[in-house]
Amino acid sequence: MEIVVEMAEAVDARQLIDIESAHVDGCLAIGQVSADSPELLAANGGRVAVPTTLNVSAVDLLHPDLSERDAETRALAGRVTDAYAALGCEATWTCAPYLQADRPAFGSHIAWAESNAIVFANSVLGARTNRYGDFFDICAGLTGRVPLAGLHVQDERRARAVFRLRDVPDRLLASETLYPVLGYLIGGLTGTMIPAVVGLPAQVSEDQFKAFGAAAASSGGVAMFHAIGLTPEATTLEAALAGRSPELEIDLTLEALVAARDQLGTRERHPLSAVAVGTPHFSIREFAELRRLLRGRSVHGAIRFYASTGRQTLAQLAERGWAAELEGLGVRLVTDTCTYVRPFFDFGGGTVMTNSAKWAYYAPMTVGVEVTFGSLAECVESAVAGEVAWDDELWRPSP
């Protein structure tokens with residue numbers, strides 16, 4: 001509680017408020033403090049006051065042999081696992097807690113860490129959380145309290161930047177690959193301001209919003225966005241702006257989108273050795289699309305195909321018989337962790353293809369690989385062929 005109060009003082013909050021849930025990002029075992037902190041809290045009798053879920057671990061706890069973790073990392077991850085279990089946290093180990101059955105309701109106050117989950121909760125669910133950091137997240141879970149500040153306050157949730165899509169081909173607008181690229185572009189342009197996006201199609205899926213938000217929170221500090229006519233607090237542009245004028249207005253053209261796409265990785269057809277999807281963790285709907293795209297074909301023997309997901313989704317895959325089917329086709333199912341976090345997965349030494357702007361943004365720095373970006377369909381075609389296969393028509397102007 002002392003830490004929560006000091007945070008309130010730092011952000012000039014006059015009071016604390018109750019929260020309904022917390023999501024802990026500090027459970028990733030990246031150093032001694034990752035275990036020392038929760039162990040200290042548990043040793044002093046700490047128990048979470050609200051339902052508290054856990055973000056990804058440093059290891060795949062269900063498939064420990066899938067990656068090349070050293071004994072020290074495994075031991076540290078085990079300590080972290082035990083400590084958060086002692087605190088009463090739920091062993092979800094996913095970066096996409098919004099895919100769980102019990103999701104925050106519109107208007108509910110929560111304390112979530114993990115950038116993509118924060119954006120999704122604020123924007124798509126209409127719940128209220130600030131961009132909370134490691135170790136404060138568990139303090140919020142233990143006390144059930146956070147400062148009344150930032151995105152917990154109605155006026156702070158208004159858009160300050162407006163982005164309008166101009167002359168984007170209908171085929172690209174209908175493609176899932178638009179959303180990570182658009183998010184990456186807008187994140188870099190808007191920084192920490194809340195953007196409003198005008199011109200998206202009438203039907204946008206949660207998975208597309210997930211990809212957009214994850215990218216915007218990686219290239220920028222975006223914690224919330226408004227999609228006009230689509231997200232719950234943006235019935236109109238005027239509503240998203242709360243009747244005020246924007247501080248920034250930009251038209252986004254196909255040329256700008258292509259330039260952003262090209263920043264996400266090489267466009268040279270270098271030898272392909274791996275494909276990595278599931279950042280953020282794949283939903284059951286995305287696995288359904290993956291099955292459809294594979295259509296019984298197998299991943300090329302020279303390609304490592306990693307698909308990351310959460311435990312709850314993996315259980316659904318197993319129930320439907322999809323897990324065994326996908327594994328039989330050469331898909332390696334990863335749970336509890338993300339493949340870009342640390343260089344523990346075998347990517348084969350060549351270029352890695354991904355449909356995730358977040359993965360493409362971080363992986364060159366965190367795991368030291370060359371990345372190329374493409375849609376899920378392009379990732380599958382490349383994995384089957386054993387070489388990069390792009391749909392060049394997708395990014396060309398309408399005839």
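The values are calculated or read from the model by the stated rules, or taken from the named source; none is laboratory data. In this text, all values refer to a predicted model and were calculated from it rather than measured experimentally. Every residue, glycine among them, receives a Cβ derived from its backbone with ideal geometry; neighbour counts consider all protein chains shown. All accessible areas refer to the heavy atoms of the entire protein, side chains included, with ligands and DNA or RNA removed. Shrake-Rupley method; radii C 1.70, N 1.55, O 1.52, S 1.80 Å.
Of note:
- Near the amide H of Leu252, within less than 5 Å, lie the amide hydrogens of Arg164, Leu165, Arg166, all on another chain or at least 5 residues away, with H placed in the peptide plane.
- Largest to smallest principal axis extent of the C-alpha atoms in the range 208-303, angstrom: 57, 31, 22
- Whole-Hz Karplus values for the range 323-334 come out as 4, 5, 4, 5, 5, x, 8, x, 8, 9, 7, 10 Hz, taken residue by residue from phi with 6.51 cos²θ - 1.76 cosθ + 1.60 and θ = phi - 60°; glycine and proline positions read x.
- Figure note: Tyr362, Tyr132 ranked by solvent-accessible area, largest first, 1.4 Å probe, ligands and nucleic acids not counted: Tyr362, Tyr132.
- Exposure of Trp93 as accessible area (Å², to 10), given a probe of 1.4 Å and all protein chains: 0 Å²
- The range 146-151 - phi-based ³J(HN,Hα) in whole Hz, Karplus 6.51/-1.76/1.60, Gly and Pro as x: 9, x, 7, 7, x, 6
- Positive contributions from Lys and Arg (+1) and negative ones from Asp and Glu (-1), summed over other residues with Cβ under 10 Å from the Cβ of Ile228, come out at 0.
- Amide H contacts under 5 Å for Arg304, placed H, 5+ residues apart: Ala274, Val275
- Largest GNM mean-square fluctuation across Asp262, Asp36, Asp70, computed for the chain with C-alpha springs under 10 Å, falls on Asp70.
- Taking 0.36 nm per residue of separation and subtracting the current Cα-Cα distance, fully stretching the chain between Asp70 and Asp102 would add 8.0 nm.
- Equivalent ellipsoid semi-axes, the chain, via Cα gyration tensor eigenvalues times 5, rooted, Å: 32, 29, 17
- Taking every DSSP bridge with both residues inside the chain, close to 10 percent are antiparallel.
- Think of the range 115-262 as a dipole: +1 on every Lys or Arg Cβ, -1 on every Asp or Glu Cβ, centred on the Cα centre; then among Gly188, Tyr132, Leu252, Tyr132 lies furthest on the positive end.
- Of Gly220, Gly133, Gly301, the one that fluctuates the most in a GNM where the chain has Cα springs shorter than 10 Å: Gly301
- The mean of 1/r over all distinct Cα pairs in the range 309-354, once inverted, gives the Kirkwood hydrodynamic radius of 12.1 Å.
- Centroid-to-centroid separation of the range 319-372 and the range 43-98 [C-alpha atoms, Å]: 20 Å
- Among Gly328, Gly45, Gly349, the residue with the largest mean-square fluctuation in a Gaussian network model of the chain, with springs joining Cα atoms closer than 10 Å, is Gly45.
- Sequentially through the range 234-247, phi angles give Karplus couplings (6.51, -1.76, 1.60; θ = phi - 60°) of 9, 4, 9, 5, 4, 5, 5, 7, 6, x, 9, 7, x, 7 Hz, Gly and Pro residues having no value and appearing as x.
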